[in-house]
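Taken together, the values in this text are just the output of simple stated rules run on the coordinates, not laboratory data. These figures come from a predicted structure and were not determined experimentally. Here the Cβ is made from the backbone with ideal geometry for all residues, glycine too, and neighbour counts use every protein chain on show.
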Amino acid sequence: MTLDSAVSGRLLATMPLHAITSVYGEAGLRDRLLAEVSSFSPADRSRAELALATASRLHAADRRQREPYVNHLLRVAIRVLSHYRVNDPDLACAALLHDSVEDHWAELAPGGREAAFAVLADHFGGRVAGLVAAVTNPGYEPGRDRHEQYREHVGASLRADPWARVIKVSDFTDNAVGLMHTSGPKMVKLAMKYRPLVPVLLEIVLLPDTPLGVEVKGKIVRQLGNAERRFASILD
């Protein structure tokens, strides 16, 4: 492990993800992810490690409030594997890469977004590329409210792809928690963007074909309720 040897994997495995972030930073999150993927086959473990290396390279200069952007990607992937109990290498790779095309398609392939998705398919498989595509926001139409278009895309895309729901809910949960570390006009703007998604995600998570256990769905419903209360405290 990259942490001090006195910090055991067992401790990291029991800590909340934002507590790991606060105490051990990116190194702690990386070690937690490596522990989560240790049960994968050697080939799938290498693929997950390549996805992390690719995400780290693409987002190297990106920041999210006061932390490296890769911390967000790590938490989204760890939450899927650990909290949602989805031991799926494709989901791990897609979670790590879920913002890669939206934010850095040109670094993946200068030919455009479709070319970037093709690169992901070549390196990580078609299912991974498809999952990333499902959670990637489209180009927005001018003259229409961007937040409304965002919500329309999320609802339509997630209804069509049950496994993409898992990644999006983890992403949304991390965004909702992250609002507590944001201030000023940006906090209000993000709360206005995300709050209307709460009922959409609640409905989608509870669909019979959402591939999560009953206990996990219940936990997510409680987390979405907490997110709604956070948004209300900001906006109301």
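Please work out the C-alpha center-to-center distance from the stretch 147-201 to the stretch 33-112 and express it in whole Å. Taking the Cα centre of the stretch 33-112 as reference, the centre of the stretch 147-201 is 18 Å away. Working note: 222 nm ellipticity from helices only, DSSP H runs with n ≥ 4, each -39,500 (n - 2.57), summed and divided by the residues of the chain, gives -22000 deg cm²/dmol to the nearest 500. Cross-link reach is defined here as a Cα-Cα straight distance under 16 Å, omitting same-chain residues fewer than 8 places apart; for LYS193 the lysines meeting it are LYS168.
Ordering ASP171, ASP44 from the fewest to the most neighbouring beta carbons within 10 Å gives ASP44, ASP171. Peptide packing: for 73-83, 151-161, 114-124, the average count of neighbouring Cβ atoms within 10 Å per residue gives the ranking 73-83, 114-124, 151-161, highest mean first.
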